[in-house]
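**Q** Dropping a structure here in structure tokens format, bear with me for questions.
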Amino acid sequence: MVAGQALSNKTPRTADRVVQILREQILNGYLSPGQRLVETDLIGEFNVSRNTLREALSRLQSDGLVEIIHQRGASVVRLTRETIEETFGIRERLEGYAAELAAEYSHLPENVIWLKEQKRTWMSAHVLEDGDRHMSVNVPFHEGLIAMCGQRRLVAMINSLQLPAFRARGARHFDEKHRLVSAQDHLKIIEALLKSDAKAAGRAAEDHIRRAKRIALTVFEQEQQNRGFN
């Protein structure tokens, strides 16, 4: 039994390493949207079993970074304008609803503490310095806000709509003006929650996601132009 447990624990750690490396390569642009991920090449590169590689690719698919098609294999996900518009449109409604629900629990001591910490973060100059620093606090803010709603199925639905590949790529196009607007949006959401104002929190969250969609579409169009598709 102990030996079997040791064997079962080895594969996840190896898969974790593959997931981490491939995720970084995708987010950093080393692997391009639409690029095929050939199993035999990756098995040799990472020196892993086919099962371990497929586990890693399956996890990357769940993260929205990889697309796996039967009999065609895996490739880096290629987003379309329609996908971005649809995904952000759904997120706008769901995150607005999550913010409304969060207002019901925002008075709890642990949530008040968290909101005040977030307020200090988003009032600091730190979040305006560069896109990577902004994104490093942006993601935890949204995760914390969504978790506060207390609805596990709603949280899972919103998480399934994330576009992680655009987080890193979008950060490069996120100038100080965009970062300032984002910070102000977050502060509006925080203030509404500190007042337990569900309607104001919902509106602020929807406005924020709507602006994020415009930025994502701008990033997409710039990338298309850079590839000479237009």
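The values are calculated or read from the model by the stated rules, or taken from the named source; none is laboratory data. Note that the structure is predicted; figures quoted are calculated from it, not measured. Note that each Cβ is placed from the backbone with ideal geometry, even for glycine, and that neighbours are counted across all protein chains shown. Heavy atoms of the whole protein, side chains included, go into the accessibility calculation; ligands, DNA and RNA do not. Shrake-Rupley method; radii C 1.70, N 1.55, O 1.52, S 1.80 Å.
**Q** Add -39500 (n - 2.57) for each DSSP H run of 4 or more in the chain, then divide by its residues: what number comes out at 222 nm, to the nearest 500 deg cm²/dmol?
**A** Details: 10 runs with 166 residues, N = 230.
For the chain, the value works out to -24000 deg cm²/dmol.
**Q** A follow-up question, please. Quick one: with all protein chains in place, what share of the accessible area of the chain is carbon or sulfur, to the nearest percent (1.4 Å probe)?
**A** Carbon and sulfur: 50 percent of the exposed surface of the chain.
**Q** Sorting check: for 196-205, 119-128, which peptide has the highest mean count of neighbouring beta carbons within 10 Å, and how do the rest follow?
**A** Descending mean neighbour count gives 196-205, 119-128.
**Q** Follow-up question, since we're still on this one. Report, to the nearest 10°, how far helix 81-102 tilts away from the longest principal axis of the Cα atoms in the chain, using its own Cα long axis and a range of 0 to 90°.
**A** Computed tilt is about 50 degrees.
**Q** Here's something else I'd like to know. Taking the chain as the reference, fit the longest principal axis to its C-alpha atoms, fit the long axis of helix 131-147 to the helix C-alpha atoms, and give the angle between the two in degrees, 0 to 90, nearest 10.
**A** Its long axis makes an angle of about 80 degrees.
**Q** Moving on to the next point. With Kirkwood radius over Cα pairs in Å as the read-out, I listed (i) 18.9; (ii) 17.9; (iii) 19.3; which label goes with the value calculated from this structure?
**A** Computed from these coordinates, Kirkwood radius over Cα pairs in Å corresponds to label (iii).
**Q** Note down the magnitude of the dipole of the chain about its Cα centre, charges +1 on Lys and Arg C-beta and -1 on Asp and Glu C-beta and zero elsewhere, to the nearest 20 debye.
**A** Approximately 200 debye in magnitude.
**Q** Where a ≥ b ≥ c are the square roots of the eigenvalues of the C-alpha gyration tensor, would you call region 59-182 rounded, which needs a/c under 1.5, or, failing that, prolate if a/b is larger than b/c, or oblate?
**A** Oblate, because a/c is 1.5 or more while a/b does not exceed b/c.
**Q** Report the relative contact order of region 1-159, percent, no decimals, based on alpha-carbon pairs under 8 angstrom and at least 6 residues apart.
**A** Worked out over region 1-159, it gives 20 percent.
**Q** Next question, about the same structure. If you line up the long axis of helix 198-226 against the longest principal axis of the chain, both from Cα atoms, how many degrees apart are they, to the nearest 10?
**A** Helix 198-226 and the main axis of the chain meet at about 40 degrees.
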